[in-house]
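Quick note: the coordinates plus some simple rules give every number you see, no bench work behind them. Worth saying up front: this structure is predicted, and the values here are computed from it rather than measured. Neighbour counts are summed over all protein chains in view; Cβ atoms, including those assigned to glycine, are modelled from backbone coordinates with ideal geometry.
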Amino acid sequence: MDYAALYRRSVDDRDAFWREQAARIDWHTPFDLVCDTANPPFAQWFVGGETNLCHNAVDRHAATQPDQPALIHVSTETGREETLTFGQLHTEVQRMAAVLQGLGVTKGDRVLLYMPMIPEAVIAMLATVRLGAIHSVVFGGFASHALASRIDDARPTVVVTADAGSRGGKVIPYKPLLDEALAQCSHSVPHVLLINRGLAEASMTAPRDVDFAQAREAVLDAQVPCTWVPSEHPSYTLYTSGTTGKPKGVQRDTGGYTVALATSMAQIYCGKPGEVFFCTSDIGWVVGHSYIVYGPLIAGMATIVYEGLPIRPDAAIWWSLVEKYKVSVMFSAPTAVRVLKKQDPECLRRHDLSSLRHLFLAGEPLDEPTAAWIGEAIGKPIVDNYWQTETGWPILSLARGIDPDAKTRLGSPGIPMPGYDVKLLDDQTGAELTEPNRKGVLTIGYPLPPGCLQTVWGDDDRYVKTYWSTFPHKPVYNTFDWGLRDADGYYFILGRTDDVINVAGHRLGTREIEEAVSSHAGVAEVAVVGVADQLKGQVARAFVVARDPSRTASPALRQALEAEIMQTVDRQLGAVARPARVDFVNVLPKTRSGKLLRRAIQAVCEGRATGDLTTIEDPTALQQLQDAVSEVRG
Ligand code: AMP
């Protein structure tokens, strides 16, 4: 089939295209309207239809292929390795649903998960949507303050957690961090459900805290039918960083998301029922939601849920799993590949990768040398794909399922995927840039295709103001990425237009990190910027004006204060957000109106020209910054 024609139809004959795609999933009640566009920029998909995400991911396959593998768990941290068939997954999800129900969870309630990569995490997500409740997974790398703000926003009925996670053999306690968060937040959480892995001490507060193993024993025969929900009923919220310090709860629907994932599995990832999909992300991120949990299961595939590092016990571990479980589609991030690149390439060649068709990479820019290296090392096509937490599935990629021979272009994540009316706009005038090779803001025309965010949880106004109001009188969604399209229609992503940074594929807001740094009593002012890094794509660097100059009077004192600031960030947000380096200056470069000159700070850090700085308030600020940056550290 001609992909160009299919794509045009998805935009020009939208309703007919998506009506066909909707047949990929089961509907309890058929929909009567494909897309309700009566209230732009909001859009509701498959209106009048009723379905259930868990039914489409689990029940329908349990009915037809009960003995086929569904969830393969491998932990190189604890040695646990097990496979659940669709039939077994169906049983376990119902047990979990019965436990959640017993704790008072009903349709529309929120269930917040703070979990390591264990099967119970996936089972809890599926059980939540089975009940028509709404899950909100918080990445396990976030610490108590970040967790507390998300709990306060989601106001969950139950928080599901574990005693601990493990990383590189080091036990990372979860329950104490949750207890700290619960003490900080204003919402009173009625119940905590604890999965005790026996890794760390977990203090239990009765009657709030409930042990899952015990509760499960009481519901072994539970039969909990799916709660049918309207297509537009929220399935989950997922918090993501923006330009303010307050993370946004990206809210996803049920019917549109299920259809979009089913479509992407067929048209982009080429996943077939009975095969195995291996996505190395974490359930705390959108890639984990869409392509560890829901996408593969909706497609009737088994999904590998991996806990561990890519290089432990050695760099062959992932590839040994590809061989052992005959993985046909793999999905990872450029950072992980850059980590592997530092290892012996023989590790990758040791295993039979004949089952593997493609390796998809996403989450951050894929640089050409990394793409070329991994393509050569594994001898498989590498497919870059570009999307965001907000969209839930790829905006740009190659539709390998439609056009298997689609040419990759190193450095480009490809072309628009079905339903995405991608437009590049001039950042000043908002005019559409139709000629090739012009840099513009990457936007998407109204309506967003199914599966994308419906709104910001509890804040429709923020949704409209943040995403749809950049270009007055132009109904476009702003991705906040710079883009460029070449003469053949391939897009290139040229970085964010806002203050969001991307560290090892993890999206972080510099404002959030600045708030955490500022909470240290010794900090008067701070600027955090993202700086290019060979391994992680970007790292955060902080420039601090200390309250008391005597605390930065010598290298040893500066080092001590830097360590304290880093610990503060670890405690508040988690090590994932810790700046790679903290430098001290007497004044930060600002405009006369007091705006931080972030781009100039970033340029100095990256050794680039700062551009026109006529608006700078104190020109000595830049020299100070330069001196701090060039200070050689022992
Ligand atoms: P997140 O919402 O955490 O998935 O982060 C989304 C952001 O990561 C995007 O807005 C881009 O800035 C960046 N990103 C994701 N995938 C790619 C890609 N394939 N190429 C370039 N940038 C990407």
query = Which of the trypsin sites (Lys or Arg not before Pro) found in region 1-104 are loop residues per DSSP with 13 or fewer other Cβ atoms within 10 Å of their Cβ?
reply = R80
query = In debye to the nearest 20, how big a dipole does region 1-104 give about its Cα centre with +1 on each Lys and Arg Cβ and -1 on each Asp and Glu Cβ?
reply = 60 debye
message = Can you tell me how region 23-173 classifies by the Cα gyration tensor, rounded, prolate or oblate, using a/c under 1.5 as the rounded cut?
response = oblate
request  = Round to the nearest 0.05 the FRET efficiency obtained for D36 and A63 when R0 = 25 Å and r is the Cβ-Cβ distance.
outcome  = 0.20
note = Given the candidates L89, L348, T157, the one whose Cα lies deepest towards the positive end of the charge dipole of the chain, counting +1 at each Lys or Arg C-beta and -1 at each Asp or Glu C-beta, is L348
task = With only Lys, Arg, Asp and Glu charged, each at its Cβ (+1 for the first two, -1 for the last two), find how big the charge dipole of the chain is about the Cα centre; round to the nearest 20 debye.
result = 600 debye
Mean shadow area of the chain, taken as a quarter of the surface of its Cα convex hull (nm²) = 27.7 nm²
query = Counting pairs of alpha carbon atoms under 8 Å apart in space and at least six apart in sequence, what relative contact order in percent does the chain give?
reply = 12 percent
task = Would you work out if region 458-525 is rounded, prolate or oblate? Take a ≥ b ≥ c from the square roots of the eigenvalues of the alpha-carbon gyration tensor; rounded if a/c is under 1.5, else prolate when a/b is larger than b/c, oblate otherwise.
result = oblate
request  = Please identify every one of the chymotrypsin sites (Phe, Trp or Tyr not before Pro) in region 2-65 that sits in a loop by DSSP and has no more than 10 other beta carbons within 10 Å of its own beta carbon.
outcome  = none
ask   = FRET efficiency for S354 and L535, Cβ-Cβ distance as r, R0 = 41 Å, nearest 0.05?
value = 0.85
Listed residue (G49, G102, V305) projecting farthest to the positive dipole end of the chain, Cβ model = V305
request  = Answer with one residue from A63, I268, T610: the one whose Cα lies farthest towards the positive end of the charge dipole of the chain, charges on Cβ with Lys, Arg +1 and Asp, Glu -1.
outcome  = T610
Part-to-part distance (alpha-carbon centres) for region 545-612 and region 214-284, which is given in Å = 38 Å
message = Classify region 301-399 from the C-alpha gyration tensor, please: rounded if a/c falls under 1.5, else prolate or oblate depending on whether a/b exceeds b/c.
response = prolate
request  = Kindly provide the helix-only [θ] at 222 nm of the chain, computed as the sum of -39,500 (n - 2.57) over DSSP H runs of four or more divided by all residues, to the nearest 500 deg cm²/dmol?
outcome  = -8500 deg cm²/dmol
note = Placing each pseudo-label 7 Å from Cα in the direction of the beta carbon, Q184 and D2 end up separated by a distance in nanometres of 5.7 nm
request  = Using per-residue counts of other Cβ atoms within 10 Å, averaged over each peptide, order 581-588, 546-553 from highest down.
outcome  = 581-588, 546-553
